[in-house]
Each structure stands twice: as C-alpha cells, then as structure tokens.
C-alpha cells in the first residue's frame with residue numbers, strides 16, 4: 001500500500017494508525033449492507049458479519065465472491081480481513 005501524504009506534521013506512528021484505519025474502513029464500509037452482500041452470495045447475514053468483523057475468514061470460493069462485490073483483489077481482501085482478525089484478537 002502506498003503511503004498517504006499529509007499536509008500536516010503527523011508522526012510516522014500516527015500516519016500508520018490512520019492508514020490502518022482506512023484499510024479497515026475499505027473492508028467494513030461498502031455500498032452494500034451485510035444483508036445485501038449475503039443475498040448476492042447466497043449465504044446468511046451473520047456469516048458476512050463474521051467475515052467483515054474478523055471473527056471468521058471466508059472459504060476460498062466465498063473470498064473470491066466477496067472480493068468481487070467489494071471491488072477488491074482477493075489477496076488484498078484476505079490481508080485486510082486477517083488484520084481485522086488480529087486487531088480483534090479472534
């Protein structure tokens with residue numbers, strides 16, 4: 001991921017925190033609700049919630065479908081979901 005350039009004097013640690021937050025938001029904040037994603041994928045909403053909150057990691061086939069819906073590369077999405085999982089200590 002590219003470093004985001006800021007016009008203010010943030011420390012490197014603050015920049016990293018901001019970037020981590022933005023990475024998570026790109027997974028969590030979508031143009032679809034969890035119910036809509038679940039319907040598109042043919043799964044139940046709690047399953048989608050568990051993926052997006054880091055409680056579970058989707059299977060390979062579901063990861064590909066989810067990545068397509070979220071307009072992400074599967075590898076990048078998996079990395080983001082893993083970060084969320086680690087941050088939430090699941």
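The values are calculated or read from the model by the stated rules, or taken from the named source; none is laboratory data. None of the values given here were measured: they were computed from a predicted structure. Glycine also receives a Cβ, built like all others from the backbone with ideal geometry; neighbour counts cover every protein chain displayed.
I'd like to know if the stretch 23-32 contains one or more residues that are in a helix (DSSP H, G or I), modelled with pLDDT of 80 or more and touching a helix residue (DSSP H, G or I) at 6+ places or on another chain (Cβ under 6 Å).
no
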Q. Within the stretch 71-90, can you find the residues that are in a loop (DSSP other than H, G, I, E, B) and under 19 Å from residue 59 (Cβ atoms)?
A. 72, 73, 90
